[in-house]
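We did not get these values from a lab; they are worked out from the coordinates using the rules stated. Nothing here was measured: the structure is a model prediction, and the numbers come from that model. With ideal geometry, Cβ positions are generated from the backbone for all residues, glycine too; neighbour counts draw on all protein chains shown.
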Amino acid sequence: MPSFGAIAPLYYYYIPEAEREARCQLSSDTCVIDESDFFVRGCIELPVAGTEEPFIWGVWVSLSKEHLAEFEAHFECDSRVLQGPYFGWLSAAIATYPDTENLKTMVHMRDNGQRPYIELEPTEHPLAVEQRNGISRDRVAEIYAAYMH
């Protein structure tokens, strides 16, 4: 199953490129901007009809400073699933949907080295609907075509 993801939160790209090294601390799982904006990387999973494997959007979500510290403190723990969930705002622009920036989310920790599961607020936004109801294989092909062509 294909998946797509962002290397950094959307806010990272608002920082002029020449200033990013000084203002941003970006790793594969966390990002801190200007010591005031805090982000973690996670997965929005969309069930795909007729398959066991979900379609995954790799996204970034803002957290409070305290929740990021808790996330980092338990990141290597075997039972990190016991931490959270944490409220956050989606920091992603997903081209196949109307505006996705700042959708409300809950960040759920997972064990076994998996990135957190990102649960969208159950609204009528098309991405939230697809997370709840799933998508067809044709929809996966449509997303794939939009990103690869």
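Please go through the stretch 1-37 and give me each residue that is closer than 30 Å to Pro47 by Cβ and hydroxyl-bearing (Ser, Thr, Tyr), ordered by number.
Ser3, Tyr11, Tyr12, Tyr13, Ser27, Ser28, Thr30
Yes or no: the stretch 20-31 includes at least one residue that is closer than 24 Å to Arg139 by Cβ and surrounded by 15 or more Cβ atoms within 10 Å (Cβ to Cβ).
No, there is no match, as no residue in the stretch 20-31 is closer than 24 Å to Arg139 by Cβ and surrounded by 15 or more Cβ atoms within 10 Å (Cβ to Cβ).
Tally up the residues in the stretch 10-44 that are touching a residue at least 40 places away in the same chain (Cβ under 8 Å) and farther than 17 Å from Thr100 by Cβ, please.
2
I'm trying to understand the selection: among the residues of the stretch 104-149, which are in contact with a helix residue (DSSP H, G or I) (Cβ under 7 Å, 6 or more places away or on another chain) and either under 15 Å from Ser3 (Cα atoms) or not basic (Lys, Arg) (or both)?
Met109, Asp111, Leu120, Glu121, Pro122
Can you confirm whether Ala73 is in contact (Cβ under 8 Å) with a residue 60 or more places away in the chain and of a type in the set (A, V, I, L, M, F, W, C)?
No; evaluated as a whole, the condition is false for this residue.
Are any residues in the stretch 38-60 more than 12 Å from Val107 (Cβ to Cβ), surrounded by fewer than 20 Cβ atoms within 10 Å (Cβ to Cβ) and of a type outside the set (Val, Ile, Thr), and if so, which ones?
The answer is Glu45, Pro47, Ala49, Gly50, Glu52, Glu53, Pro54, Gly58.
So which residues in the stretch 93-114 are within 23 Å of Tyr14 (Cβ to Cβ), surrounded by 14 or more Cβ atoms within 10 Å (Cβ to Cβ) and touching a residue at least 24 places away in the same chain (Cβ under 8 Å), if there are any at all?
Ile94, Thr96, Tyr97, Thr100, Leu103, Thr105, Val107
Taking the condition over 17 Å from Phe4 (Cα atoms) and surrounded by 20 or more Cβ atoms within 10 Å (Cβ to Cβ), does Leu63 pass?
So Leu63 fits the description; yes.
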